[in-house]
Every structure is written in structure tokens, then in C-alpha cells.
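Working notes for the structure below.
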Amino acid sequence: MSQTTLKKYKKGEIVFRTHDEGDCAYIIDSGRVQIFTENFGVEVAVSTLGPGEIFGEMAILDHSTRSASARALEDLQVSIVSRTQFQQRMDIADPIVRLLVSILLKRMRDNLGVDKHQISEKHQLDAQESHSKVIDKIKFEAELFEALMDQSFLLYFQPIVCAETFKAMGFEALIRWQSESRGMVRPDLFMGVAEETSLIVPIGKWVFEKACESLRSFQNFLASKSNATRQDIFLAVNISGKQFSDINFFHMLETIPQKYGIKESHLKLEITEKILLEGNIFFYWIEKCRSMGFPVSLDDFGTGYSMLSYLSDFNVDTIKIDQSFVRKLEQEPKARIIVQAIISIAKGLNVEVVAEGVETEKQAIILRELGCNYLQGYFFGRPVPYQETLTYLEKNL
């Protein structure tokens, strides 16, 4: 049963009984239905439901048989909703929501005195494993919130160098979390959780402010060195889609750089292809950022199916060629052809190019020969904390 269908029952007719197979739920269009249980032949009314209410959903949500019976108190018309329709919606729901629904169902069944053997042993084991994972996730989110409150995050910096001279032109600001209980947590783990919650907005704000504070310090450090060849280094800061959607985002862009005396042109806002998939509203947001003086960089370029259309539709200042192409430069001619094509198109559009994931001198030389503007990767330096970044700057004046 894949579609919603209509069904009618006469007054007094049984819709289903306890222990019947639960393959669908019912939405009452007209009439009333009584939900009841039977104990030693005695019927006990549980509830009476009317138009617009739903019943029979418990069995399809936890793959069990019916925990109660249902009888039409009046001539009854219902819309029948299949297990598939419910399951599709549960599958895309947040895991925490699914856990809460599951706990609620268990408590309702316990109150009704349902035999646990009605629910398959396999489903019970699967549910326990799923619940354990979700509970771990809830704890992880709580720890992440505490880290934000306690300012347990750190900002690391990875150099971005000129392809011609190999001198540092700027850095990418990268968040790190040193957890007391978990040690150093990988950014892809905790930022993924932050993206799923509202935590990404305050965490993103912390990163942006810390980046501005650090950039001011780096520039002051260079200004104090008489042999420094430049003082206008830039900092690239990653921005998530949820930050764009925050009503205070543009206020943050306006006020925080002013607080630290930072020029907007020295802060590159890095976005990913995922943001562009969200819709036309991002056209406006990107243009607004650029009109405020912030260069916009498209990260992980080359991994999406519509990468060239993005260059046509969106005005960005920089693209970062994904490291998956850079790794193959020395062995695969196709990778070199693709990178060369990307650089040629970018130059024609007056867009600068950064190559990520440069790990060998040969890769760096190939990219320089192809006309890449900037290089970033372990060959030039790993992400390091603030103090080590100052040391790097002093060695690379």
C-alpha cells in the first residue's frame, strides 16, 4: 500500500484488534472511533477519537503488532496511510527526534501492558543499538556546547603561499577542539554535528572574531619587523550556510573587523558548493558580502557536477581546486588537463586560483607552471597554533 486510500466502517464494526498485523495508520475523516484493550474478556476504553485525529500509528512506527483494538462508534470514514509513507518521513527525521518518538512509544506500550514479545527480537536489538548511538550524539552535542561556553576551541592557521615565490601571502583559519575527555577531536566530526544544530552560528562567530583578532596581531608583528617585505597578509575564514541565514550575520561582518581595525579585503570568506545548492537567495548574500569589501572564495572546487555553471552564475573572487586533483597531478595526465582547464577558465573570468593539498615540490612546480596563483598544503606547512604561526612568519619574512 503506497498511497493514501479511503475506507469506511459501519457503526460498531471493528477496525482492528490487539495482536493484528500493524501495516498502516488511520486518519479520521468523519465519525468517531474508540480505542480499547481487553483484560480477561473485559473491555477497557483507552480513548475516543474524532475527525482529524490519527490512530494505529504505534504499530507501524516500531514494527510491532497492534497494542489495542479499535471500533467505530459511528459510521466511520478514514484515510489509510501506509507503513512506507510513515517510514520515509521517519528516515529523514533528525535521529534525536526518532529517539524521542521511540521512547514515547515504549512508555505508552508499557502503560498499556503490551507484551514485549510482540516486537521482534531483531527490531529490539536494532533499536537498542540505534538508541545508544543517538544518546552518544546527544552527549557529544552537550560537550560541544560546554566547549563553546568555556571557550575550549583553538584556532590553527595553515599558510597559503604565492606560487611564484613560495612566500606566505596569508593563512586559512581552522578551528580545533581540545576536549578534556576526548582529546583532540577531528574538525569534520564536531563541525558536522555543529552544522546539524544551531551551534554552528555561535561557533562561527567565535571563529570570525578570533580570526580578526589574530590577523591584527599578525599584521602588528610584521609591522614591527624592519626586514618584513609585507604587512597586508590575508586570512581565509570558512562560512557555513546557516551563518548566512542568521539575521545577525551581516552585522557581525560589519562590526567585528572594525573592532580590530581590519580591512575587509584582508578577510576571505570561504564557502562550499553545498551553500550554492541551497537556492537563489545565496546569490544575494554573496553579492552583499562582496559589496561590503569581502572577497569570496569557493572551496573544494571541481568536486561538484555543476562546477562550471557556478563560475558563470556566481561572482566569486577565488576558487580553491580540490586536493583530490592535486594528488593525481604527478601520475595522471587527465588530472593535469582538468587543473589546467580550471585555471584557464578562472583566469579568463579574472578569478584567482588556490590549489589545496600540495604535498610535494613537484606538485608545486607543476601548479606554478600551469599558472596557479596560490598554493596550500603540507609541503608548505601544516595547520599550527597562533604562537607557531608567529614563528613561521618570522622565518618567512
Residues that are modelled with pLDDT of 90 or more, over 11 Å from E74 (Cα atoms) and either in contact with an Asp or Glu (Cβ under 9 Å, 6 or more places away or on another chain) or not assigned by TED's automatic domain parsing to the domain that holds V81 (or both), drawn from the range 8-25: R17
Members of the range 26-50 found to be of a type outside the set (G, A, S), modelled with pLDDT under 90 and part of a loop (DSSP other than H, G, I, E, B), listed by number: F40
Qualifying positions in the range 14-33 - under 17 Å from A59 (Cα atoms) and of a type in the set (S, T, N, Q): T18
Residue in the range 182-194 that is modelled with the lowest pLDDT, counting only those that are under 9 Å from the mean Cα position of the chain (by Cα) and surrounded by 15 or more Cβ atoms within 10 Å (Cβ to Cβ): V193
Per-region count, the range 254-268, residues touching an Asp or Glu at 6+ places or on another chain (Cβ under 8 Å), surrounded by 16 or more Cβ atoms within 10 Å (Cβ to Cβ) and either assigned to a helix (DSSP H, G or I) or among the aromatic types (F, W, Y) (or both): 3
In the range 171-205, the residues that are under 27 Å from I262 (Cα atoms), in contact with a helix residue (DSSP H, G or I) (Cβ under 8 Å, 6 or more places away or on another chain) and not aliphatic (A, V, I, L, M): F171, R176, W177, P202, G204, K205
Number of positions in the range 226-282 that are of a type in the set (F, W, Y) and either at pLDDT below 90 or outside the structural domain of D300 (by TED's automatic domain parsing) (or both): 2
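Going by what's in this entry, would T18 be described as outside any strand (DSSP E or B), surrounded by 14 or more Cβ atoms within 10 Å (Cβ to Cβ) and touching a Ser or Thr at 6+ places or on another chain (Cβ under 8 Å)?
In short, yes.
When the residues of the range 168-186 are narrowed to those that are part of a strand (DSSP E or B) and free of Cβ contacts under 8 Å to residues at least 12 places away in the same chain, which ends up farthest from V354 (Cα to Cα)? It would help to see each step written out before you state the result.
Residues of the range 168-186 part of a strand (DSSP E or B): 168-179, 183-185.
Then drop every residue that is not free of Cβ contacts under 8 Å to residues at least 12 places away in the same chain, which leaves 183-185.
On the way: G183: 32, M184: 28, V185: 27 Å.
Checked the range 168-186; the qualifying residue farthest from V354 (Cα to Cα) is G183.
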Residue in the range 111-129 that is loosely packed, with under 13 Cβ neighbours inside 10 Å, of a type outside the set (S, T, Y), at pLDDT 75 or above and out of contact with any His (no Cβ under 6 Å at 6 or more places or on another chain) present: no
Qualifying residue in the range 340-355 (condition: at pLDDT 90 or above, of a type in the set (S, T, Y) and outside any helix (DSSP H, G or I)): no
Enumeration of residues in the range 372-381 that are assigned to a loop (DSSP other than H, G, I, E, B) and touching a residue at least 40 places away in the same chain (Cβ under 8 Å): C372, N373, G377, F380, G381
Inter-residue pairs, beta-carbon under 7 Å, first loosely packed, with under 15 Cβ neighbours inside 10 Å and in the range 352-369, second of a type in the set (D, E) and outside any strand (DSSP E or B), 6+ apart: K362/E330
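The values are calculated or read from the model by the stated rules, or taken from the named source; none is laboratory data. Everything numeric here is computed off the predicted structure, so don't read it as measured data. Because the Cβ atoms are built from the backbone with ideal geometry, glycine has one as well, and the counts that use them run over all protein chains shown.
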